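Below: one structure, written as structure tokens.
The values are calculated or read from the model by the stated rules, or taken from the named source; none is laboratory data. Here the structure is a predicted model, which is why all the values come from computation and not from measurement. Neighbour counts are summed over all protein chains in view; Cβ atoms, including those assigned to glycine, are modelled from backbone coordinates with ideal geometry.
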Amino acid sequence: MGSLYLALLRLGCSRFVWAIQGDRLSELFTTLGDMIRAIRACKTAAEERAVVRKECAAIRASVGENDQDYRHRNLAKLMFIHMLGYPTHFGQMECLKLIASPGFPEKRMGYLGLMLLLDERQEVLIDLNHTNQYIVGLALCALGNICSAEMARDLAPEVEQLLQFRDPNVRKKAALCSIRIVKKVPDLAEIFLNPAAALLKEKHHGVLLTGVQLCTDLCKVSAEALEYFRKKCTEGLVKLLKDVVNSPYAPEYDVSGITDPFLHIRLLRLLHVLGQGDADASDCMNDILAQVATKTESNKNAGNAILYECVATIMSIEDNGGLRVLAINILGRFLSNRDNNIRYVALNMLIKAITVDTQAVQRHRATILECVKDMDASIRKRALELVYLLVNESNVKPLTKELIDYLQVSEQEFKGDLTAKICSIVEKFSPEKIWYIDQMLKVLSEAGNYVKDEVWHALIVLISNASNLHGYAVRLLYKAVQTAGEQETLVRVAVWCIGEYGEMLVNNVGMLDVEEPMTVSS
Amino acid sequence: IHFVLLISRQGKVRLTKWYSPYSQKERTKVIRELSGLILTRGPKLCNFVEWRGFKVVYKRYASLYFCMCIDQDDNELEVLEIIHHFVEILDRYFGSVCELDLIFNFHKAYYILDELLIAGELQESSKKTVARLIAAQDSLVEAAKEQASSLSTMISQATK
């Protein structure tokens, strides 16, 4: 009865206030939708600023009166205004007041405001000990997203307890929150080891997903955790992956015909971490990796995402020759996939794979060269990088020829990169000086303006040091300039050369076997 | 995942969620840079851009670009699936979702995202479960509203 009286009193006061403010009534009580519509109807930035100013003033007044009924709506409006880019500092206290309210709708909005308007550096009271699983969920979500190191230390024990909460909804949120905590304070990892391992035995996919992720991140921040999971859980995880791979159709988790690809991928990633650098663990997982690599359907993105993760795992764990070849062949197949996303990730992975097994990657050189000519600029760039890494003494001549041929038809934006790479290859791997000169001249004729100064300076130095090639060089340059005179750099080199060795040109001095006589009048 | 951005074709921001520390100023800069980078990409190019040493995976659905920023060694193809997962859940919730739904019900879009990702990690692979959790929380809100309105009806009756 007492509270009803107080409520009446408050209502009475508010009514009195409404009477005075009269016209402000309509602004005070616009709905969220009304405000959004009003803002969208503005045709100029100045109009919008005016509307926002009016709304902010109304909200400030409402906040000043400690108006509980509209706190909820006020915060929603403030969040929208914040998203438009306006300052909303005066709303921060409202978040805290809403979170402290007992009702669910208030807490829900309050936590959302907390995450949106405040950043990591704010300290807040969190009620993780609530009995309502949704409220605990809100707190865990907010903590997971904005936790600071001090908050992590204070609340870690609570979060660790929640890993065993009765509702799987809370357990999975607690798992992700724990990840945030151990990333902020790695020393806390050890309190999560046992509960994290327990999560791996669950049946609920959400809990499994997050549990596996927690174990993975624990291994990354703590060597002790890595040892622990490696010893205790590798076999269990292999079995878990086998079960997921072989599980029958489950509509709830199906994506493009595969059951829960996300879980597949997280398991593969954990196995990656456990197998890396440990022969026993790697042995344990060979069969299942081979199975995933060979049996996964590769016609939709979900399947390819799994294959991609599988390849990454195979390439990182201890060597099992057969598996590596399998992995690189998958990448080779990806290179010819029509989907350019797949081609792109394959190239990326091949760049990493080169350090592990160059030979296997060399076998796909032809397909990689095709990718240098791809329509997609990011793919061309990646392919070129990869080709550069593949060059060695035995393949430098055919590769350079291919690249120079392509230089003639490539797009303007690409010529710069391409030229730089070709020059670099030629300089590094050139078997004979005469070949070097030939290639450089071709490049200068085709894309001389993209050739950097150091490069053609080096060419000049080389020519002057190769006395037996002076005649050859000057004649070649003379011929080149006649057809490609617009290439400024070519002309510069030619002019220098003719200046030095002009009489060799006119008199056909020092001709090599490969040359034909030329008549040049002085 | 470091952050999630939803940008319209005209460059308007419909949703932003930050899982790594970025100050207000940095956030505005990031949005401007990425909008410029992504909105100008041709339709046939791959869905990944390299940016400041990170990878940004984006996919266009009608007039909205869904963007997620990840580390160099994360699985881009999986993130494409995560984006699709999010879109399908939104679609189920709003019934054939469109940009206007996300404008007028931005807070609901955030609630859904919060059931999907926490601290930048995937939380739930079942769309059905996410839908159920959101529905349960929505009904809690509805129930509280009904209670509140019946209480205020009582009060207004009493003060007549």
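A few remarks follow.
- Filtered residues of segment B:79-90 (kept if within 14 Å of chain A (Cβ to nearest Cβ) and under 20 Å from B:ARG14 (Cα atoms)): B:VAL79, B:LEU80, B:ILE82, B:ILE83, B:HIS84, B:HIS85, B:PHE86, B:VAL87, B:GLU88, B:ILE89
- Checking each residue in segment B:91-102 for being over 15 Å from B:LEU5 (Cβ atoms) and either facing chain A (nearest Cβ under 7 Å) or not hydroxyl-bearing (Ser, Thr, Tyr) (or both) picks out B:ASP91, B:ARG92, B:PHE94, B:GLY95, B:VAL97, B:CYS98, B:LEU100, B:ASP101.
- Of the helices (runs of 4 or more DSSP H) entirely within segment A:291-393, none holds at least 2 residues that are in contact with a Gly (Cβ under 6 Å, 6 or more places away or on another chain) and in contact (Cβ under 8 Å) with a residue 60 or more places away in the chain.
- Looking only at residues in segment A:483-505 that are at pLDDT below 80 and loosely packed, with under 15 Cβ neighbours inside 10 Å, the one that is nearest to the chain's Cα centre (by Cα) is A:GLU486.
- Residue that is surrounded by fewer than 19 Cβ atoms within 10 Å (Cβ to Cβ), within 14 Å of chain B (Cβ to nearest Cβ) and more than 23 Å from A:LYS300 (Cβ to Cβ), where the choices are A:LYS232, A:LYS220: A:LYS220
- Looking only at segment A:248-266, and only at residues there that are buried (at least 20 other Cβ atoms within 10 Å of the Cβ) and at the interface with another protein chain (Cβ under 7 Å from one of its Cβ atoms), the one that is modelled with the lowest pLDDT: A:VAL255
- Residues being closer than 22 Å to A:GLU427 by Cα and among the polar types (S, T, N, Q) - total across segment A:356-395: 5
- Residue ranges of helices (runs of 4 or more DSSP H) in segment A:155-266 with at least 3 members touching a strand residue (DSSP E or B) at 6+ places or on another chain (Cβ under 9 Å): A:168-184, A:205-221
- Scanning segment B:93-108 for residues that are in a loop (DSSP other than H, G, I, E, B) and either of a type in the set (D, E, K, R) or surrounded by 16 or more Cβ atoms within 10 Å (Cβ to Cβ) (or both) turns up B:VAL97, B:ASN105.
- Taken over segment B:55-73, the residue count meeting the criterion of being among the basic types (Lys, Arg) and either under 22 Å from A:ARG269 (Cα atoms) or at the interface with chain A (Cβ under 7 Å from one of its Cβ atoms) (or both) is 1.
- Scanning segment B:134-150 turns up no residue that is more than 7 Å from chain A (Cβ to nearest Cβ) and touching a residue at least 60 places away in the same chain (Cβ under 8 Å).
- Annotation: of all residues in segment A:173-202 being facing chain B (nearest Cβ under 9 Å) and of a type in the set (Lys, Arg), the one that is surrounded by the fewest Cβ atoms within 10 Å (Cβ to Cβ) is A:LYS183.
- Count - residues of segment B:23-54 that are more than 9 Å from chain A (Cβ to nearest Cβ) and either in a strand (DSSP E or B) or of a type in the set (Ser, Thr, Tyr) (or both): 4
- Restricting segment A:203-215 to residues that are in contact with a Phe, Trp or Tyr (Cβ under 9 Å, 6 or more places away or on another chain) and at the interface with chain B (Cβ under 10 Å from one of its Cβ atoms) leaves a set whose member that is surrounded by the fewest Cβ atoms within 10 Å (Cβ to Cβ) is A:HIS205.
- Restricting segment A:267-309 to residues that are within 14 Å of chain B (Cβ to nearest Cβ) and among the basic types (Lys, Arg) leaves a set whose member that is surrounded by the fewest Cβ atoms within 10 Å (Cβ to Cβ) is A:LYS300.
- Tally, over segment A:368-387, of residues that are surrounded by 18 or more Cβ atoms within 10 Å (Cβ to Cβ) and farther than 17 Å from B:LYS44 by Cβ: 6
- Members of segment B:151-160 that are at the interface with another protein chain (Cβ under 10 Å from one of its Cβ atoms) and either buried (at least 20 other Cβ atoms within 10 Å of the Cβ) or among the hydroxyl-bearing types (Ser, Thr, Tyr) (or both): B:SER152, B:SER156, B:THR159
- A count restricted to segment A:152-172 and to residues that are farther than 16 Å from A:VAL182 by Cβ, buried (at least 19 other Cβ atoms within 10 Å of the Cβ) and either touching a His at 6+ places or on another chain (Cβ under 8 Å) or among the charged types (D, E, K, R) (or both) stands at 3.
- The condition of being at pLDDT 90 or above and either buried (at least 17 other Cβ atoms within 10 Å of the Cβ) or not small (Gly, Ala, Ser) (or both) holds for only one of B:LYS29, B:LYS44, B:LYS25, that being B:LYS29.
- Of the residues making up segment A:334-341, at least one is within 11 Å of chain B (Cβ to nearest Cβ) and not polar (S, T, N, Q).
- Qualifying residue in segment A:412-423 (condition: in a loop (DSSP other than H, G, I, E, B), over 23 Å from A:MET315 (Cβ atoms) and out of contact with any Cys (no Cβ under 7 Å at 6 or more places or on another chain)): no
- The set of residues from segment A:46-69 being within 13 Å of another protein chain (Cβ to nearest Cβ) and under 24 Å from B:LEU102 (Cβ atoms) comprises just one member, A:GLU48.
- Under the condition of being closer than 19 Å to A:GLN408 by Cα and either of a type in the set (Lys, Arg) or not in a helix (DSSP H, G or I) (or both), the residues counted in segment A:475-499 number 5.
- The residues of segment A:56-95 that are part of a helix (DSSP H, G or I), small (Gly, Ala, Ser) and modelled with pLDDT of 80 or more, listed by number, are A:ALA57, A:ALA58, A:ALA61, A:SER62, A:ALA76.
- Selected residue [within 8 Å of chain A (Cβ to nearest Cβ) and touching a residue at least 40 places away in the same chain (Cβ under 8 Å)] from B:GLU76, B:GLU121: B:GLU121
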